[in-house]
Amino acid sequence: MASSIAVSTIQVRGGAAEAADRVVAEEVPIAIVHDAATYAVMMATPQDLEDFAIGFSLTEGVIASVDEVRAFEMSESEFGIEARLWLHPGRAAALTGRRRILAGPTGCGLCGVESLELAARVTPAALAEVSPLTAEEIQAAMAALEPAQILGQETRAVHAAGLWRPGEGLVLAREDVGRHNAVDKLAGAMARGKARAAGVLLLTSRVSVELVQKAAAMGVPVIAAVSAPTHLAIKTAEAAGITLTAVVRADGFEVFTRPERIGGPAAFASRPPRLG
C-alpha cells in the first residue's frame, strides 16, 4: 500500500479559484496483533510496518527485546491492515489474561479501539447547515482563532479547536496539548448548550480521520485547518457530507471536498475534487 497519493483540490488565492493537485499522506488503521489477539488499533502511514509493530510492542512493554518475536506477517483487508507478531512461548504465556488499558497519550488518536471496523467507521451525516461562505470568511475565521489561544501564546506547545459562525465570529475556543483533546473539549462545550453546530470547525493541526469523525459527530458542516489532510480524512469527509478546507493561510486555502458550501468563483461548483 502506498504511503501517499495525489488528489485534486480547488486552490483559492487572491479572490480567484483554480484547479490544483496535492500529494497527501495515506492514513490507515493498523491493528497490532500478538498471537492472534488484537492489542491496539492505531492510525499510521502504511510503510515500515514491521518496524512500527515491533517498536510499538517494545515501547509499550509487551516485549522486552526483538528476540521474543518468532514471526511477523501482515494481512490487509478493506478495513485496514493487521500487523501480526507471533511471540515465543515464554513471552506469550506472560501475556495471557492481560488486557491493555490505554491511558490516553496525546498522539494516540484511537485510544481503546479494538477492531479495524471501528477505526474505519463513517458517522452518518446529520449536519447542521450553513449559508455559503466566502473565501474571505474562511480566512477571517482562521485568523480569529490565534488571538483566542491564550495558553498557546504562553507555552507555544498546545493545539486549539474553535467554532466560528457567520455574523457572530469566533464563538468558542478550547486548547489542549492533544489536538484530539482540544476538539473533544469543544464538542463538550457545544453539547452543554454554549453554541450551535452551524458553523466552521477550526483546527490548528493537520486533519486526520478521527478529527473528521469527531466533526461529523458534532454535526459541524465545514472544517478549516492550517495543515493538510490525510487521504483517509478526505474520503471520510466526503462520505460524511463535510466541506473540508485546509492549508488555510492569509492569502488563501484549498478545498478538498463539498465545495458547494464555499461561494465565489464558478470553478467551485464546476470541478468537484478528485479523491484519489
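Details
- 19 Å Cα-Cα reach of residue 235 towards lysines, excluding residues that sit fewer than 8 places from it in its own chain: 214
- For residue 194, a cut-off of 16 angstrom between C-alpha atoms picks up these lysines, skipping any fewer than 8 places away in its own chain: 185.
- Along region 165-177 the Karplus relation, 6.51 cos²θ - 1.76 cosθ + 1.60 evaluated at θ = phi - 60°, assigns HN-Hα couplings of 10, x, x, 10, x, 6, 9, 8, 8, 9, 10, 6, 5 Hz to successive residues, with x for each Gly and Pro.
- Extension gain for residue 86-residue 168 works out to 23.9 nm (0.36 nm per residue, less the C-alpha to C-alpha distance).
- Extension gain, residue 72 back to residue 20 (0.36 nm per residue minus Cα-Cα distance, nm): 14.7 nm
- The modelled label-to-label distance between residue 129 and residue 153, using points 7 Å beyond Cα along the C-beta direction, is 3.8 nm.
- In this structure, the amide hydrogen of residue 257, modeled 1.01 Å from its nitrogen in the peptide plane, lies closer than 5 angstrom to those of 244, counting only residues at least 5 positions away or on a different chain.
- Gap separating the Cα centres of region 1-65 and region 187-226, nearest whole Å: 22 Å
- In order along region 8-23, phi translates into HN-Hα couplings of 9, 9, 10, 8, 10, 9, x, x, 10, 10, 8, 5, 8, 10, 9, 8 Hz, rounded to whole numbers, per the Karplus curve 6.51 cos²θ - 1.76 cosθ + 1.60 with θ = phi - 60° and x for Gly and Pro.
- ³J(HN,Hα), Karplus 6.51/-1.76/1.60, whole Hz, each residue of region 26-40, x for Gly, Pro: 6, 9, 9, x, 10, 8, 8, 10, 10, 6, 6, 10, 5, 8, 6
- On the beta carbon distance between residue 1 and residue 177, with R0 = 22 Å, the FRET formula returns roughly 0.10.
- In region 136-276, taking the dipole from charged Cβ atoms about the Cα centre, the farthest positive-side position among 202, 166, 188 is held by 188.
The numbers here are math on the coordinates, done by the rules we state, and not lab data. Here the structure is a predicted model, which means the values were calculated and not measured. Using ideal geometry, Cβ is built from the backbone for each residue, glycine included, and neighbour counts are taken over all protein chains shown.
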